[in-house]
1. Could you please find all residues in region 35-84 being without any contact (Cβ under 8 Å) to a residue 60 or more places away in the chain, open to solvent by 30 Å² or more (accessible area, probe 1.4 Å) and not in a strand (DSSP E or B)?
2. Would you say R49 is within 25 Å of P154 (Cα to Cα) and modelled with pLDDT of 75 or more?
3. Restricting attention to region 182-193, does a residue exist that is farther than 22 Å from T75 by Cβ, hydroxyl-bearing (S, T, Y) and touching an Asp or Glu at 6+ places or on another chain (Cβ under 6 Å)?
4. Among the candidates L125, L143, L110, single out the residue that is modelled with pLDDT of 95 or more, surrounded by 14 or more Cβ atoms within 10 Å (Cβ to Cβ), over 13 Å from the mean Cα position of the chain (by Cα) and of a type in the set (A, V, I, L, M, F, W, C).
5. R153 - would you say it is in a strand (DSSP E or B), of a type in the set (D, E, K, R) and farther than 19 Å from E70 by Cβ?
6. Give region 162-176 a look and list any residue that's assigned to a strand (DSSP E or B) and open to solvent by less than 20 Å² (accessible area, probe 1.4 Å), or say none.
7. Quick one: how many residues across region 177-187 are in contact (Cβ under 8 Å) with a residue 12 or more places away in the chain and open to solvent by less than 100 Å² (accessible area, probe 1.4 Å)?
8. Out of region 85-105, which residues are closer than 19 Å to R133 by Cα and either open to solvent by less than 60 Å² (accessible area, probe 1.4 Å) or in contact (Cβ under 8 Å) with a residue 40 or more places away in the chain (or both)?
Amino acid sequence: MEPALRVTAARFVTAPAAVPARNRPPAFGLEIDPEVLGPDSDTPHDLVRDRLIGLRLSRETDLGAGFGLEASVLTGIGESRYRLPKGMGILTDPVDIGFRSLSVTPELALSRRADLGALSGQVVLGLGMQAARSRVTVRSALLDVSETVVTRRPYARLGLVLEEPRRGVALAGEARFYEGRAAEIGAEMRLTLPR
């Protein structure tokens with residue numbers, strides 16, 4: 001999402017004269033701030049919509065001695081929309097920023113299982129590439145920008161799973177480190193229902 005907005009902002013600022021007037025930057029130097037939705041932004045914004053549906057296919061190969069190799073691919077369709085009630089930068093009118101994306105994420109991961117007494121543990125190291133085709137819109141009283149952009153984000157993933165097999169409870173966490181020092185951290189609790 002952030003890379004797609006960054007590309008849209010760059011195209012908006014450097015749009016050639018052949019671009020239709022509604023997509024061309026105004027003469028007084030108006031710019032789209034690509035960091036407006038970032039974690040360090042002080043611009044107020046609300047997430048109005050955030051939907052994602054995906055399908056993941058994977059195959060794991062046992063390498064022996066507790067090691068495993070997993071090849072996977074995740075495809076997804078997503079939509080999100082942000083509302084900036086106070087605008088951004090010199091724009092004080094409310095701004096809507098929307099994303100519609102189709103993404104494909106192949107990954108290769110090496111895992112290592114270990115018994116930790118009553119618990120079972122697993123460490124995962126993975127390398128992947130998130131490729132997305134996104135339709136980005138930025139709209140306000142003065143802006144009506146719409147761009148289709150393709151982005152590619154290589155990443156490294158570090159994951160950890162702790163499981164108590166008898167109770168069917170597991171805690172999992174992972175960190176993804178993207179090119180350009182961006183990172184995502186996630187955690188989840190998994191419950192295995194009895195058959």
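1. E35, P39, D40, S41, D42, P44, H45, A65, G66
2. Working: within 25 Å of P154 (Cα to Cα): no; modelled with pLDDT of 75 or more: yes.
No: the conditions fail for R49.
3. Within region 182-193, none of the residues are farther than 22 Å from T75 by Cβ, hydroxyl-bearing (S, T, Y) and touching an Asp or Glu at 6+ places or on another chain (Cβ under 6 Å).
4. Working: L125 fails: surrounded by 14 or more Cβ atoms within 10 Å (Cβ to Cβ); L143 fails: modelled with pLDDT of 95 or more.
Testing whether each residue is modelled with pLDDT of 95 or more, surrounded by 14 or more Cβ atoms within 10 Å (Cβ to Cβ), over 13 Å from the mean Cα position of the chain (by Cα) and of a type in the set (A, V, I, L, M, F, W, C) leaves just L110.
5. Against the criterion (in a strand (DSSP E or B), of a type in the set (D, E, K, R) and farther than 19 Å from E70 by Cβ), R153 qualifies.
6. Let us first name the residues in region 162-176 that are assigned to a strand (DSSP E or B), namely 162-164, 169-176.
Passing the criteria: A170, A172, A175.
7. Residues of region 177-187 that are in contact (Cβ under 8 Å) with a residue 12 or more places away in the chain, as a first pass: 177-179, 182, 185-187.
Subsequent filtering for residues that are open to solvent by less than 100 Å² (accessible area, probe 1.4 Å) retains 178, 182, 186-187.
Matching residues across region 177-187 total 4.
8. Here is the first cut: in region 85-105, the ones closer than 19 Å to R133 by Cα are 97-105.
Within region 85-105, I97, G98, F99, S101, S103, T105 qualify.
The values are calculated or read from the model by the stated rules, or taken from the named source; none is laboratory data. Since the model is a prediction, treat every value here as computed from it, not as a measurement. We place every Cβ from the backbone using ideal geometry, glycine too, and count neighbours over all the protein chains shown. When the accessible area is computed, the model is the full protein with side chains, heavy atoms only, and any ligands, DNA or RNA have been set aside. Shrake-Rupley method; radii C 1.70, N 1.55, O 1.52, S 1.80 Å.
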